[in-house]
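Undergrad: Quick one: structure below, then a few questions.
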Amino acid sequence: MPDTKSKKVSKKAEKKSKDAAATSSPKTTTEAGTSAAELARKLLDKLSPLGATTRAALRSLATDAQRSDLGRQTKARGVLGDGVTMAITIDQQIATFPSLTETYVLPRFAYFLESLLALDALIEGSGAREEKLGAARGTAANAHERADKARTKLLNRLKRFAGKRDAETKEIDGVPAKARTNDDLSRSIGKAVELAQSWRVRTDAVNVEAAKLAVLDEAVIMNAITTAAALGGAHVDAALEGRKNANDSPIVNLEEGNVLLEMAYAMEVFEEAHEENDVVSRLIPGPATRHVLAPTGRTAAKAAPEAPAVVATPTVVATPPAG
């Protein structure tokens, strides 16, 4: 009997240890564990895809100058880690209190998660800033390669959607060549993304079905957007020619600020929910963002305004894909 009790205690201790590990603050990158980006992607996959109009409406709620001003006050990797930790808490709170989505609507949560993924892509693209010249150039080349592959993948989906239709084929022909520079590749991807988004908003049954059959979905478009965004950070890093710089690049600051604004907005909504029902937990910023987002410093990071009514309609949570 003592041995059985000992085993039970051991199993309980092991379970507590695993639970604690699962809820601890994620690292931005891990050798054997799950990266912050992977955690954000898993949460985003549970939600309905965010439409281009909704994304544009939310982006319009603050200026790039405001985002950059916030981003300069923090470090990108710290913002990413704190942001993913907060997103996990939000997901858990919504699962426990589904009525939270009446005020913190799911499209807003999806936008927050997309912002985290965009920041992660920029961090990866600009990681060479902390390394030697060769590593910087290597990162730029990798970012270019990833963006090139994302462009090719998106163009293939566009061609499948177009089939032999003359009008659609002509529009694809209008996508600029990728050429050789990051700027040229980014412009080409931008045009392909615009074309894909314009086709995906077609509402007639034939085109809706054609998009499904061609797998011209939000995922392939978002992949192209994030890899193109990473080109900016990688290009800046390569241009530094080996100089070390302790500060994040301007384009990284921009996306840091976007994440901070979304964190501040979520904190205000959950604070309101907590005041109405103290069982709902407050969202507490982590050590990397506390000086910007803590209540005593709220004036430094005012949350973005409420989204327009068209964005504020709760969406149905999508079933996560198998595997």
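Bear in mind these aren't lab numbers, they're just calculated from the coordinates by the rules spelled out. Quantities reported herein were computed from a predicted structural model and do not represent experimental measurements. Note that each Cβ is placed from the backbone with ideal geometry, even for glycine, and that neighbours are counted across all protein chains shown.
Undergrad: For the pair Lys212/Thr53, report the inter-label distance in nm, with labels modelled 7 Å from Cα in the Cβ direction.
TA: With each label placed 7 Å out from Cα toward Cβ, I get 2.1 nm.
Undergrad: Using a Förster distance of 41 angstrom, determine the FRET efficiency expected from the C-beta separation of Thr203 and Arg72, and round it to 0.05.
TA: 0.45
Undergrad: Which of Thr181, Thr74 has the fewest other C-beta atoms within 10 Å, and how do the rest follow up to the most?
TA: Fewest-to-most Cβ neighbours within 10 Å comes out as Thr181, Thr74.
Undergrad: Would you mind working out the magnitude of the charge dipole of segment 37-300 relative to its Cα centre, with +1 at each Lys and Arg C-beta and -1 at each Asp and Glu C-beta, to the nearest 20 Debye?
TA: The calculated dipole for segment 37-300 is roughly 1080 debye.
Undergrad: Now, a different point. Run the quick spin-label model on Ala177 and Thr103: label points 7 Å from Cα toward the beta carbon, then report their separation in nm to one decimal.
TA: That separation, rounded to one decimal, is 5.6 nm.
Undergrad: Suppose each label sits 7 Å from its Cα in the direction of the beta carbon; what would the Ala294-Lys191 distance come out to in nanometres?
TA: 5.1 nm
Undergrad: Now, a different point. If you plug each phi of segment 222-229 into the Karplus form 6.51 cos²θ - 1.76 cosθ + 1.60 with θ = phi - 60°, what whole-Hz ³J(HN,Hα) values come out, in order, with x for Gly and Pro?
TA: Once θ is set to phi - 60°, the couplings for segment 222-229 become 5, 4, 5, 4, 5, 5, 5, 4 Hz.
Undergrad: Hey, for a label at Lys164 modelled as a point 7 Å past Cα toward Cβ, could you say which residues of segment 179-214 have their backbone N under 19 Å away?
TA: Within reach of a label on Lys164: 207, 210-211, 214.
Undergrad: Please work out the Kirkwood hydrodynamic radius for segment 245-295, using every pair of different C-alpha atoms, and report it in angstroms with one decimal place.
TA: About 12.2 Å for segment 245-295.
Undergrad: Turning to a different aspect of this structure: For segment 37-300, what is the largest minus smallest coordinate of the Cα atoms on each principal axis, given in angstrom and ordered from greatest to least?
TA: 60, 52, 28
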